[in-house]
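Below is one structure; the comments refer to it alone.
Read-outs throughout are calculated quantities, based only on the coordinates presented, and are distinct from any laboratory measurement. Fair warning: this is a prediction, and the values are worked out from it, not measured in the lab. Neighbour counts run over all protein chains shown; Cβ positions are idealised from the backbone, glycine included.
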Amino acid sequence: MNFPIERFLQLKTPFYYYDMDLLKATLVRLRDSLPDERFIVHYAIKACSTEPVVKQIASFGIGADCVSGGEVEASINAGISPDKIVFAGVAKADWEILVGLRNNIFCFNVESEEELVNINTLAQQEGVTARVCLRINPDIDPHTHKNISTGLAEDKFGIQIEDLESTLHMFDNLGNLHFLGLHFHIGSQLLDMEPYRQLAQKVNEVVCQTEKLGYAVKVINVGGGLGINYHEPDKEPIADFKTYFGIFKDIIRLRDNQTLHFELGRAIVAQCGSLITRVLYNKHSHTREYVMADAGMNDLIRPALYEAYHSIDNLSNDEPKTHRYDVVGPVCESSDVFQRDYLMPLTRRGDLLAIRSAGAYGETMASRYNLRPLPLHYTSEELKKHQR
Ligand SMILES: *Cc1c(COP(=O)(O)O)cnc(C)c1O
């Protein structure tokens, strides 16, 4: 990735930087990897809700996967058509369901029987019909970090397969609901494709079971979770969408009157974003050398929360990597560490660092912990414009 370092030098740090050329290239590849028009992508907006990023994604005709009323509103405001919005989440509040109903979104992904009853009641009050997919917990181990696994029987998400039949029968008596189909999502940052093969096989079984009970499955939604290469972002800047979609195309017995939906977040936006930070100080102890940056875990919490790896470039020094540093932030927590014992060129006060692959679950998870200001953001296009 090419960073406009001269422009960065004039800016207050830390900030998120989004490379819109890479985002566009990723979206082109995504579009070109879709096997046919029955394959439909919804962008999981919780990964990055920064407006120019979402607008760019919306311009490719991609829908949104939302997990809160605020995300439904943000998606619509960024130009995503409500008839392309799906709304998941284990605990949707009444006001959030109303946001969905009043905007006539494509579908609610429902995770419990009580939620079904509540959506029906609210839809009745509004005089509308809510389209619903049932989120099924397929009990598949995604082999990812335990904090981002969602499809194991012990995870809080979805309806257990043994409860499917009784849940389906509820639609017989809930007149303001329309059963559309089935939803699954097994976890995030999956690089091993085997769990997806298992999911696709499980989907065939559950679709078959559902239709045998007399409920037509029009929509099959297999969620998201496709992983990216955090270790070598420049070697693999765009995820292998083709292989991913190919697995579902090969295994799922999709009919012409069915659509297959995907909810991708990380794989669309992670690589186009970096967190740009300045080095404030160096410090040496007898065992370690520290680089203290002005970005902290409040700006990017993934290393502290998920033990996530983010590669770090020193943008101010392109000499060979000869030093090993612990790169830490200013927040008063021992877990405020971006990398330990990390090989870098000589790094000094004032150097600019790029913490890479931070476009997903970076800015959206930022907080004001320690009363630090929220990080700013710039897109490559904004910085080009201001330069002229
Ligand atoms: C977070 C989430 C996704 C997206 O996950 P990624 O790993 O970013 O692709 C998709 N579906 C649901 C229901 C989610 O909660």
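Overview of results
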quantity	calculated
Among beta bridges that DSSP assigns inside the chain, antiparallel share in %, nearest 5	35 percent
Under 16 Å from the Cα of LYS84 - aspartates and glutamates, other chains or at least 8 residues apart	GLU37, ASP65, GLU71, GLU73, GLU263
In nm, spacing of pseudo-spin labels at ALA93 and ARG340 (7 Å Cα→C-beta vector)	3.9 nm
Two-site label geometry, GLN201 and ALA25: point separation in nm, points 7 Å out along Cα→Cβ	3.7 nm
Top of THR277, THR243, THR287 by mean-square fluctuation, Gaussian network on the chain, Cα under 10 Å	THR287
Pairwise centroid distance, computed over Cα atoms, of the stretch 260-294 with the stretch 300-318, Å	3 Å
25 °C / 0.890 mPa s Stokes-Einstein diffusion coefficient of the chain, Kirkwood radius on C-alpha pairs, µm²/s	111 µm²/s
GNM result for the chain, Cα springs below 10 Å: residue of ASP240, ASP32, ASP141 fluctuating most strongly	ASP32
Phi-based couplings in Hz for the stretch 127-143 (Karplus 6.51, -1.76, 1.60; Gly and Pro marked x)	x, 10, 10, 9, 7, 9, 10, 8, 7, 9, 8, x, 6, 10, 7, x, 6
Reachable lysines from LYS156, criterion Cα separation under 23 angstrom, eight or more residues apart if same chain	LYS46, LYS92, LYS146, LYS202
Point-charge dipole on Cβ atoms (K/R +1, D/E -1) for the stretch 307-388, about Cα centre, debye to 20	280 debye
Spin-label pair ARG288/GLU211, simplified geometry with 7 Å Cα→Cβ offset, distance in nm	5.7 nm
Residues whose placed amide H lies under 5 Å from that of LEU152, excluding near-sequence neighbours	ILE140
Relative counts (whole %) of C-alpha pair distances in the stretch 1-128, using bins that are 10 Å wide	11, 35, 28, 17, 7, 2
Mean separation of Cα contacts under 8 Å (6+ apart) over length of the chain, as relative contact order %	20 percent
From phi via Karplus (6.51, -1.76, 1.60), per-residue ³J(HN,Hα) for the stretch 186-199 in Hz, x at Gly/Pro	9, x, 10, 6, 8, 10, 7, 7, 4, x, 5, 5, 4, 4
Mean ellipticity per residue at 222 nm, deg cm²/dmol - from DSSP H runs of n ≥ 4 across the chain, formula -39500 (n - 2.57)	-8500 deg cm²/dmol
Potential lengthening between HIS143 and LEU11 on full extension [0.36 nm per residue; Cα-Cα distance subtracted]	43.5 nm
Förster radius 30 Å - calculated FRET efficiency between GLU232 and GLU381, Cβ distance, rounded to 0.05	0.70
Length-normalised contact order of the stretch 275-341 in % [C-alpha pairs under 8 Å, at least 6 apart]	34 percent
Loop sites in the stretch 134-227: GluC sites (Glu not before Pro), DSSP, at most 10 other Cβ within 10 Å	GLU154
Amide hydrogen neighbours beyond the local backbone of SER68, cut-off 5 Å, H modeled	none
Backbone HN-Hα couplings from phi across the stretch 347-364 [Karplus 6.51/-1.76/1.60, Hz, Gly and Pro as x]	10, 10, 3, x, 5, 9, 10, 10, 8, 8, 6, 9, x, 10, 6, x, 4, 5
